[in-house]
Amino acid sequence: MPQAITAVNDFVVKFANVNGSGSASANELFARAILRMGVPVSPRNIFPSNIQGLPTWYEVRITEKGYLGRRGGVDLMVAMNPQTWAEDVKEIEPGGYLFYDSTKPMPSSAFRDDVNVIGVPLTAICNATYTDARQRQLFKNIIYVGALSVLLDIDPKEIERLFSEQYKGKEKLLDSNVKALQLGRDWAAQHLDADAVRLKVRRADAVGDRIFVEGNNAAALGAVYGGATVCAWYPITPSSSLAEAFSNHCKRLRHDKETGKAKYAIVQAEDELASIGMVIGAAWNGARAFTATSGPGISLMTEFIGLAYFAEVPAVIVNVQRGGPSTGMPTRTQQSDLFSCAYASNGDTKHVLLFPEDPRECFEFTAEALDLADRLQTPIFVMTDLDIGMNHRLCRPFRWDEQRVFDRGKVMTAEELEAGKTFGRYLDVDGDGIPFRTYPGTHPTKGSFFTRGTTKNEYARYSEEGPVYVRNMERLQRKFATAARIAPQPLRYSSPKATRYGVIYFGSTSPAMAEALDHLEADGHHVNALRVRSFPFSQAVEDFIHEHDKVFVVEQNRDGQLRSMLMSEFTLDARKLVSVLHYDGTPITARFIAADIAKKLGQFKVVSFDKAAS
Amino acid sequence: MTFIAKPRLHHPSLVKNKAGFTRRDYEGAVSTLCAGCGHDSISAAIIQACYELDILPHQVAKLSGIGCSSKAPTYFVGASHGFNTVHGRMPSVMTGANLANRDLIYMGVSGDGDSASIGLGQFAHIMRRGVNMTYIVMNNGVYGLTKGQFSATADKGSISKKGVANSDSSIDLVSMAILMGATFVGRSFSGDKHQLVPLIKAAMMHKGAAFLDVISPCVAFNNHAGSTKSYEYVREHNEALNRLDFIEGRAEIIADYAPGTATTVQQHDGSLLRLRKLGEDYDPSDKIAAMKRVQEGLAAGEVVTGLLYVDPTPTDLHANLNTVDVPLNSLQTADLCPGPQALDRINASLR
Ligand SMILES: Cc1ncc(C[n+]2csc(CCOP(=O)(O)OP(=O)(O)O)c2C)c(N)n1
Ligand code: SF4
């Protein structure tokens with residue numbers, strides 16, 4: 001055997017399968033079993049925009065250190081798809097392992113000299129055991145999990161426990177799965193030398209109280225906790241599972257105990273135009289409402305988003321970003337909708353964006369967005385992406401403060417109107433740019449007004465007078481400045497050593513960035529980091545840029561959209577901001593970030609801060 | 001101009017309805033539409049209907065799209081909230097508004113350009129969802145606000161003011177509404193308030209999706225000889241199927257009517273639709289017959305008016321979604337937020 005990679009609790013396994021073969025649950029089982037052994041995992045689905053037949057991958061990073069971004073490279077490839085064999089074999093690290101179905105002999109040219117090959121005749125085992133075609137297909141996946149568990153030292157009890165949770169009350173399914181697992185284990189124990197595989201999982205205590213959840217599920221729960229009662233949506237990958245999860249949470253948590261009636265309404269609209277229209281109508285009428293969509297849906301919504309901005313109606317839009325432009329890469333990830341959301345619609349419009357880094361923040365920010373939409377009376381975008389939305393991530397558990405009540409913002413009540421409080425729908429009474437509103441039906445004679453997308457004066461009366469229009473637009477700008485103060489603030493991570501270099505990043509780049517910073521530090525490259533969590537940017541972002549000679553802006557799009565927005569919001573020397581861009585549709589890796597930054601630091605002919613100072 | 005509010009001085013002798021309001025309380029700002037525009041007559045009919053129904057003005061939510069017709073909500077029921085949305089997409093906004101507060105009375109106003117062209121999709125879907133509302137299209141066969149282009153309801157062969165003949169087939173919104181599942185469908189003419197006012201009243205009390213197509217001639221661009229939506233044409237070709245009396249569900253009033261002279265349809269809430277029949281055999285609760293009669297009218301070049309179809313026991317979107325009886329917008333943190341203990345259980349299930 002060639003030299004073998006040796007690693008304990010720190011390696012990458014990738015499964016190459018065919019879409020529709022039922023491998024997804026087996027692969028997830030593999031990841032969860034390791035998690036149950038107290039070892040963090042970070043899985044990624046890499047799947048085609050297709051239901052059956054095309055290649056699909058599931059990459060599991062086993063990472064006791066808890067790095068949850070993609071590392072890059074593969075140590076063990078489970079190559080179950082002949083179609084992608086060549087490219088899968090190529091991806092294995094030198095000294096890595098190739099696990100394959102050895103039922104049919106393969107020519108030696110199909111392998112690599114520097115890769116260790118493990119053959120298990122999976123098809124033959126299945127055919128000898130099962131007669132039903134679907135069973136042969138499905139149990140093949142469980143059998144390879146069984147064989148892998150022997151090779152990697154994964155405790156079979158954890159897998160069996162997961163089975164018994166999954167098939168509670170379905171004893172037949174439970175038994176047959178346990179049997180298939182044992183089949184794989186027995187074959188491996190009898191025919192393979194487990195010691196030859198030097199990738200091992202050892203029980204650890206590195207998971208703590210963290211939870212393992214998909215961002216879409218978390219955002220949906222955030223909508224429940226944030227008090228959304230109306231959800232209008234239209235199916236689009238990768239956001240559909242968010243609306244579906246909202247529906248499931250509501251079924252459990254939002255039915256009136258006595259009457260069984262629903263304290264929510266979910267409408268699958270005819271298109272995205274209608275879904276945002278419904279959100280706007282509901283929010284205008286005093287309910288908390290949201291929609292979930294992705295890039296093409298945002299394109300359709302833009303006219304309505306402009307209306308909500310100018311007429312000052314709350315709306316929450318969760319944009320689970322995917323690869324663009326146009327239909328782009330529907331099942332791949334990107335952070336490329338910043339422009340189309342921040343400046344959605346005609347005229348001088350600007351919108352508030354929130355950038356969650358993981359499922360925990362998907363939960364928090366979605367709930368927060370419902371408050372912010374009411375407080376600011378404007379659309380709020382929660383900018384997640386496929387990478388967070390559709391992958392399980394380990395994250396801190398959800399928390400909710402018992403004392404917290406929904407912040408409904410400035411709403412004038414019938415009592416206040418009755419008491420003679422002045423009501424001008426677009427009057428800036430507090431100087432923060434945010435006016436008071438009333439809900440329809442509030443008072444028999446006072447406080448009603450007309451909502452419209454056309455220009456109006458402080459009392460909501462149609463007016464095209466120049467100064468009136470300008471006053472209104474300036475107030476909206478003041479409101480935007482208020483948003484910069486009350487939206488989630490950036491978080492700063494300082495290098496242990498003083499440095500003139502900084503890096504700005506946001507959203508799902510976060511875990512890969514955290515690891516990249518460690519790599520850079522280890523290589524003697526010191527950088528301070530700032531994670532931007534909302535747009536408009538707060539003052540702290542500008543300060544951070546001014547404090548550094550060069551600031552890398554890491555993002556997952558071609559045009560450096562965040563960088564452009566920083567330049568248009570602040571007065572900066574453009575040469576200061578250096579883009580680090582990754583946008584092939586796969587989640588950015590720590591290796592990529594660290595290598596690109598190191599390379600660019602080299603190009604600046606850096607004298608390290610220590611030397612310069614001495 | 002719309003931004004000039006009418007003076008709120010009331011003549012002391014104005015008669016108050018049971019809700020304590022005079023007819024003037026149901027008016028809005030001064031209209032900016034062309035003098036003689038059919039839309040103003042429809043606004044007047046809406047004012048009359050609300051007054052006669054003793055509606056609390058602030059309980060009305062009036063929504064519209066974009067167009068001359070969509071400006072009309074400014075000109076009626078001034079004490080209620082209104083929403084001029086975007087072109088053709090009022091239905092979705094009204095659907096959302098209705099979901100948020102089932103207790104208000106929803107009035108949607110749209111034009112034929114708004115509803116039959118850019119907004120046809122949303123028009124169809126609000127009908128099939130059964131949103132409890134009154135949806136009125138002020139139908140003039142042209143785009144008024146953008147100055148005279150044909151709309152999708154202009155009849156094939158009709159001639160524009162500039163002398164251009166329309167070569168496209170027209171969309172009949174009444175047929176569309178019946179087909180899509182509206183449970184109350186009527187057609188009328190802006191110049192016929194005796195038919196229009198009771199129709200609006202009945203539609204407003206109907207507990208489901210009520211649609212009224214009201215032919216409303218545009219005096220600026222479509223009230224000339226070649227148009228099939230002109231005053232003259234509609235007067236000559238109007239075939240009223242029925243005249244309607246709307247009676248709220250109060251037992252004593254029923255006795256006022258001599259039996260045998262008319263058909264009466266009782267709605268779910270007990271209100272009665274009393275139809276003085278012109279077409280002897282016309283039964284508005286028979287959906288298939290209604291479709292047939294409307295199509296026959298179209299083929300004969302007639303504008304068939306009246307209450308064309310009604311399902312007296314409709315369901316609405318809230319019933320379909322099984323939502324709570326109180327408005328969703330009245331639910332508070334305690335009603336909606338499952339709290340930290342439930343979250344701990346959810347956390348535990350995710351390990
Ligand atoms: C997205 C968009 N496209 C076009 C317009 C321009 N526009 C304003 S009103 C109108 C037509 C209105 O016609 P109709 O609904 O028949 O109403 P009417 O004015 O005849 O009462 C159009 C095309 C617009 N406001 N928005
Ligand atoms: S242009 Fe036509 S529709 Fe518009 S206000 Fe004038 S008459 Fe009415």
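The values are calculated or read from the model by the stated rules, or taken from the named source; none is laboratory data. Note that this is a predicted model, so its numbers are computed, not measured. Glycine gets a Cβ as well: all are built from the backbone with ideal geometry, and neighbour counts include every protein chain shown. When the accessible area is computed, the model is the full protein with side chains, heavy atoms only, and any ligands, DNA or RNA have been set aside. Shrake-Rupley method; radii C 1.70, N 1.55, O 1.52, S 1.80 Å.
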Per-pair calculated FRET efficiency, R0 = 56 Å: A:Gln182 and B:Glu239 via Cβ, rounded to 0.05: 0.10
Residues whose placed amide H lies under 5 Å from that of B:Gln266, excluding near-sequence neighbours: B:Leu273
Cβ crowding within 10 Å averaged over residues, with B:14-21, A:275-282 ranked highest first: A:275-282, B:14-21
Isotropically averaged projected area of segment B:36-99, using the convex hull of Cα atoms (one quarter of hull area), nm²: 4.4
Within 10 Å of each Cβ in B:67-75, the average number of Cβ atoms from other chains: 1
Student exercise, segment A:129-281 dipole from Lys, Arg, Asp, Glu Cβ charges, in Debye to nearest 20: 340
Percent accessible area from carbon and sulfur atoms, segment A:250-319, protein chains only, probe 1.4 Å: 49
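Quick check for me: using +1 on Lys/Arg Cβ and -1 on Asp/Glu Cβ, what's the dipole size of the protein assembly as shown about its Cα centre, in debye to the nearest 20?
On the way: 103 positive and 105 negative charges, 107 e Å.
Around 520 debye, computed over the protein assembly as shown.
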Reachable lysines, given that their alpha-carbon falls under 22 Å from the alpha-carbon of A:Lys157 and they are not under 8 places away in the same chain: A:Lys140, A:Lys168, A:Lys170, A:Lys172, A:Lys179, A:Lys200
Vicinal HN-Hα couplings computed from phi for segment B:141-154 (Karplus, 6.51 cos²θ - 1.76 cosθ + 1.60; Hz; Gly/Pro x): x, 9, 8, x, 4, 9, 6, x, 6, 5, 9, 6, 9, 5
Cut-off 20 Å, label 7 Å out along Cα→Cβ of A:Arg252, residues of segment A:189-230 by amide N: A:209-230
Segment A:267-309, accessible area per residue, ligands and nucleic acids excluded (1.4 Å, Å²): 15
Flagged links, alpha-carbon separation over 19 Å, of A:Lys456/A:Lys479; B:Lys18/B:Lys71; A:Lys410/A:Lys446: B:Lys18/B:Lys71
Interface residues in segment B:329-351 - accessible area drops by 50 Å² or more relative to the isolated chain, probe 1.4 Å: B:Asn329, B:Thr333, B:Leu336, B:Cys337, B:Pro338, B:Pro340, B:Leu343, B:Ile346, B:Asn347, B:Leu350, B:Arg351
Label zone at B:Thr315 (point 7 Å along Cα-to-Cβ), backbone N below 20 Å, segment A:249-270: A:251, A:255-256, A:259-270
C-alpha long axis of helix B:339-349 to longest principal axis of chain B, angle in °: 80
Backbone HN-Hα couplings from phi across segment A:454-470 [Karplus 6.51/-1.76/1.60, Hz, Gly and Pro as x]: 7, 5, 8, 8, 4, 9, 6, 8, 3, 7, 9, 5, x, x, 5, 4, 5
Global geometry of chain B, whether rounded, prolate or oblate, following the gyration tensor of its Cα atoms and the 1.5 cut on a/c: rounded
Using alpha-carbon coordinates, inclination of helix A:133-152 to the longest axis of chain A, degrees: 80
Angle between chain A longest axis and helix A:272-284 axis [Cα atoms, degrees, rounded to 10]: 50
Residues whose placed amide H lies under 5 Å from that of A:Ile5, excluding near-sequence neighbours: A:Gly96
Delta accessible area of at least 20 Å² on complex formation, residues of segment B:92-133, 1.4 Å probe, chain isolated as reference: B:Ser92, B:Val93, B:Gly96, B:Ala97, B:Leu99, B:Ala100, B:Leu104, B:Gln122, B:His125, B:Arg129
Surface per residue (accessible, 1.4 Å probe) for segment A:465-614, Å²: 43
Pairwise label distance in nanometres, B:Val30 with A:Lys168, each label 7 Å out on the Cα-Cβ vector: 7.1
Chains A and B together, accessible area buried on both sides, 1.4 angstrom probe, square angstrom: 5300
Inter-label distance, nm, simple model (7 Å from Cα along the C-beta direction), A:Thr413/B:Leu179: 5.0
Percent carbon-and-sulfur accessible area, segment A:371-507, ignoring ligands, DNA and RNA, probe 1.4 Å: 52
Overall form of segment A:492-614 per C-alpha gyration tensor (a/c, 1.5; a/b vs b/c): oblate
P(r) of chain A over all Cα-Cα pairs, binned every 10 Å from zero, in whole percent: 3, 15, 23, 23, 17, 11, 5, 2, 0
Nonlocal amide H pairs with A:Ala344, under 5 Å, H built at 1.01 Å: A:His351
Probe 1.4 Å, accessible area per residue of segment B:126-170, Å²: 44
